[in-house]
1. Exceeding 29 Å between C-alpha atoms, which entries from my cross-link table qualify? They are K37/K82; K79/K341; K86/K357; K40/K82; K307/K426; K309/K357.
2. Please name which of A449, G187, T176 has its Cα lying farthest along the dipole of the chain towards the positive end, using unit charges on Cβ (Lys, Arg +1; Asp, Glu -1) and the Cα centre as origin.
3. Taking 0.36 nm per residue of separation and subtracting the Cα-Cα distance, what length does fully extending T459 through L250 add?
4. Once R0 is set to 35 Å, what does the formula 1/(1 + (r/R0)^6) return for the Cβ-Cβ distance between L392 and D74, expressed as a FRET efficiency to the nearest 0.05?
5. Could you tell me the extents of the chain's C-alpha atoms along the three principal axes, largest first, rounded to whole Å?
6. Using a 7 Å offset from the Cα along the Cα-to-Cβ direction at both L433 and A166, what is the distance between the two label points in nm, to one decimal?
7. Report, in degrees rounded to the nearest 10, the 0 to 90 angle that the Cα long axis of helix 458-477 makes with the longest principal axis of the chain.
8. For R81 and A330, calculate 0.36 nm times their separation in residues minus their Cα-Cα distance, and state this gained length in nm to one decimal.
Amino acid sequence: MRRIVIAMIMALALPMAMATPANAGGLDDLFAKLLVKQVKGSNVKKHLDALQAIATANGGTRAAGTPGYDASRDYVAGKLRKAGYKVTLQPTNFVESWTENSPPTLNLTAPSAKTYAPNEDFFTFQPSPAGDVTAQVQGVDLTLPPTPTPTSTSGCEAADFAGFVAGRIALIQRGTCAFAQKIRNAGVAGASGIIVFNEGQPGRTDAFPLDIGEWRAGVPMVFADFAVGNELAATAGATVRLKVDATLVLGTNDNVIAESRFGDPRNVVMTGAHLDSVPAGPGINDNGSGTAAILEVAEEMALYPVKHKLRFAFWASEEIGLLGSDQYVASLSQAQRDRIKVYLNFDMVASPNYAYKLYDGDDSDAEGSPPGPPGSAQIEQQLQAFYGTRNLPTVGTDFDGRSDYGPFIAVGIPSGGIFTGAEGIKTAEEAALFGGTAGVAYDVCYHQACDTIANINATALDVDADAIADSMARYAFNLSSIPPRTAAAAKRAATTAHAVESVS
């Protein structure tokens, strides 16, 4: 009966939605207030109960590569299809296993001969594919001699590989962005092998073993000490043999992507939450809470005659390197990326010792990573305005690259969202603002078996679900606060994004 009544309301509102420009106090405000009333914490809790039951029936976990993940995927996809969305399962890969069968080889073969010591001068990047290649080395935007403090951006941008000769071995310097980003760019540029070497400052000279979770360049890759990289860079015409003997086995999980039937596909409002848990537990706060909240919002929005296309994403393999969201963004053409006007990320929105943290889109906190792409500040302000209507305080949280907004920021898509805290410790100032206990983690069960249905704060879950509903409804009808995206702005955002290495 409720759906029939809502359908009647939507049928009456549809001509208005198509004919009336959205503005403050207009359709965006009308539908935001309606959706907030419809979205219920009790319904979000029902989804969490279902995810807990799935984990319980599957060895206590919903991790990537497990039957618990597959059952979670099927549950979410089934609910979305029933609500009327167009649902796509996008296969994504993850490393199921990796074994190094014998030590790697790195030998200078021309213009002179030299053998570098494996597992001393250099180490295989786990999970490098196997490969045996002899080719000339080509340096990529190197900073030599190194600056007194880390500044190298070698390999961080596709533009760094302008003039790179496909088939050569890329010589890349550590610094600024994640190793995985450098590796991917080298693969796209056609490198036949990859040598990343340490940057060269005190404490950043030696090689050591690293698992970067990245294999998609499809070529052998190693991490060398600064002395090796510096020597190869200084040797004109240096040719090396690079060999990795390893067995890499990939598994497949699916992202769940749901799109609204209504809305202009040239203007996409996208939200996402990761669907997988860690192997140790059921992941009901991390991240059943974000999953359940946006699923409830999606169900209640299904009949809305939205002006802009809605896209709900439930990401695979976040816990092992943001793989689902990363591979999704990588699969999009530039035109498809440009159509995504905002991306909202919800990862852990019901921590038991919660704080209402909003991603710091404008870097007003002046901590850690730089601001998000243009438009991110406006997303933060929109969310902040909702909490303000309930006289609830908020604090900023850094775009530190730990969740699925990372790949979107890296390509210049405005991003934002809510986070209630993980293993970090709640401060006395936060306890005064939000209640709870100072000196204790926001979530004492973070990444543990005890992250069960008992590990949820019902108040935070209800409030945050309403905040998600408010912003999704407003952006569904009104994107006027989000500045037009230009190629120059996107490039600047990509240059500054992820200014945190996977290993610091």
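1. Flagged as over cut-off: K86/K357; K307/K426.
2. Comparing the listed Cα positions along the dipole, G187 ranks first.
3. 71.2 nm
4. 0.45
5. 80, 47, 44
6. Taking the simple label geometry, L433 and A166 are separated by 5.1 nm.
7. For 458-477 against the chain, the angle is about 90 degrees.
8. Going from the current span to full extension adds 87.1 nm.
FYI, it's all coordinate maths here, none of it is from the lab. Quick caveat: nothing in here was measured; it's all calculated off a predicted structure. Quick reminder, even Gly has a Cβ in these numbers, built from the backbone with ideal geometry, and neighbours come from all protein chains shown.
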